[in-house]
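S.K.: The structure that follows is given in the form of structure tokens.
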Amino acid sequence: MEKIKVNNIELAYARHGRGMPLVLLHGFPLDHHLWDDVVPFLEDTFDLILPDLRGFGESTITETSVTMEDYASDIAGLLDHLGLQKIALAGHSMGGYVALTFIRLYPERVHGFGLIASQIFADTPERREGRYKSAVEVAENGISGVVEAMTPKFTSDERWQSYAREVMNRQPATAYIAALKAMAERPDSTSLFASLKVPVVIIHGLADALIPVERAREAKRALPSAHLIELEGVGHLPMLEATKQTAEGLKKLV
Ligand code: MLT
């Protein structure tokens, strides 16, 4: 992996293929390896840029107070470093929240936009409360409670459950705490999303137990020109559970 210094942290990223730049942002509490399987289906079409968000994977973190704006600013710094002005951008779950923040802050840099198993809404007060409780639980007892609670919700496929568990177990508690708070504090993006003028694709599993497919349908209603791909029998990890269809969906951003 390559590493750069940006915003006082080290940001690590993988890069594969050639073509139009496509930045893919992983979800919580994962890292860029979630994209490994999709790379062979996309590398002939895209210059794929796969960062580890601050604190995750090989990217460092300096403090546990992080905002969606910080994650987005790290990505802007990476693009500056790579000399890339405009990109296609897609995010998985929390990566989608970062992608929405990025397009809000740097609209001129995005010419195609994707949400995978994500949503445009802010947290409900109950969900926000739950995230703060989880952050305290991780600070006091470590990550295992969150890992065990999330694993069965990611997917019903045991193979991908154990892969997700392995990736989650590699991430430090500081990254969990920071991301839980950042997700809790993210704003609602409905009006931003409804105003997007670039090609948009929404990819969502019908069996997603973390973010129900209804959230994706509501996003489509907010922006009827968006292309919605619903995947039968797929949970929260479409890039692993339906790799080829996810790749085909992302190719709509060309
Ligand atoms: C994710 O998969 O990134 C998170 O579960 C999203 C969320 O909790 O809202």
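No value in this document is a laboratory result; all are computed from the given coordinates. In this text the structure is predicted, and so the values were computed from the model without any measurement. Every residue, glycine among them, receives a Cβ derived from its backbone with ideal geometry; neighbour counts consider all protein chains shown.
S.K.: Wrap a convex hull around the Cα atoms of the range 113-175, take a quarter of its surface area, and give that in square nanometres.
M.R.: Values: hull surface 21.6 nm².
Approximately 5.4 nm², given one-decimal rounding.
S.K.: Rounded to the nearest 0.05, what FRET efficiency do E230 and T67 give with R0 = 35 Å and r taken as the Cβ-Cβ distance? Could you check?
M.R.: Numbers: r = 31 Å, r/R0 = 0.89.
The calculated FRET efficiency here is 0.65.
S.K.: Connecting C-alpha atoms closer than 10 Å in a GNM of the chain, tell me which of P187, P21, P224 has the biggest fluctuation.
M.R.: Highest fluctuation of the listed residues: P224.
S.K.: Could you tell me how many cubic angstrom of Cα convex hull volume the range 1-153 has per residue? Working shown, then result.
M.R.: Values: hull volume 18.0 nm³, N = 153.
Per-residue hull volume (Cα only) is 117 Å³.
S.K.: Loop only per DSSP, at most 16 neighbouring Cβ atoms within 10 Å: give me the trypsin sites (Lys or Arg not before Pro) in the range 147-254, ordered by residue number. Could the numbers behind the result be given before it?
M.R.: Working: sites: K153, R159, R165, R170, K181, K197, R215, R217, K220, R221, K244, K251, K252; in loops: R170, K197.
Those satisfying the criteria are R170, K197.
S.K.: Ok, one more. Per residue Cα convex hull volume for the range 1-47, in cubic angstrom? Kindly include the intermediate steps, with their values, before the conclusion.
M.R.: Numbers: hull volume 4.0 nm³, N = 47.
Here the figure is 86 Å³ per residue.
S.K.: While we're looking at this one, here's another question. Given C-alpha coordinates of the range 68-221, what is the ratio Rg to Rh with the Kirkwood estimate of Rh? List each step's numbers first, then the result.
M.R.: On the way: Rg = 16.0 Å, Rh = 16.5 Å.
Ratio of gyration radius to Kirkwood radius for the range 68-221: 0.97.
S.K.: What fraction of the DSSP beta bridges in the chain is antiparallel, stated in percent and rounded to the nearest 5?
M.R.: Working: 9 of 32 bridges.
Among the beta bridges of the chain, antiparallel pairing accounts for roughly 30 percent.
S.K.: Would you list, by chain and number, the lysines whose Cα falls below 21 Å from the Cα of K197, excluding same-chain residues fewer than 8 positions away?
M.R.: Straight-line reach from K197, under 21 Å: K86, K220, K251, K252.
S.K.: Please report, in Å, the Rg and the Dmax of the range 70-110, where both are computed over Cα atoms only.
M.R.: Cα only, the range 70-110: 9.4, 27 Å (Rg, Dmax).
S.K.: Report the convex hull volume per residue for the range 161-254, counting only C-alpha atoms, in Å³. Show your work: numbers first, answer last.
M.R.: Values: hull volume 11.5 nm³, N = 94.
Hull volume over Cα atoms, normalised by residue count, gives 123 Å³.
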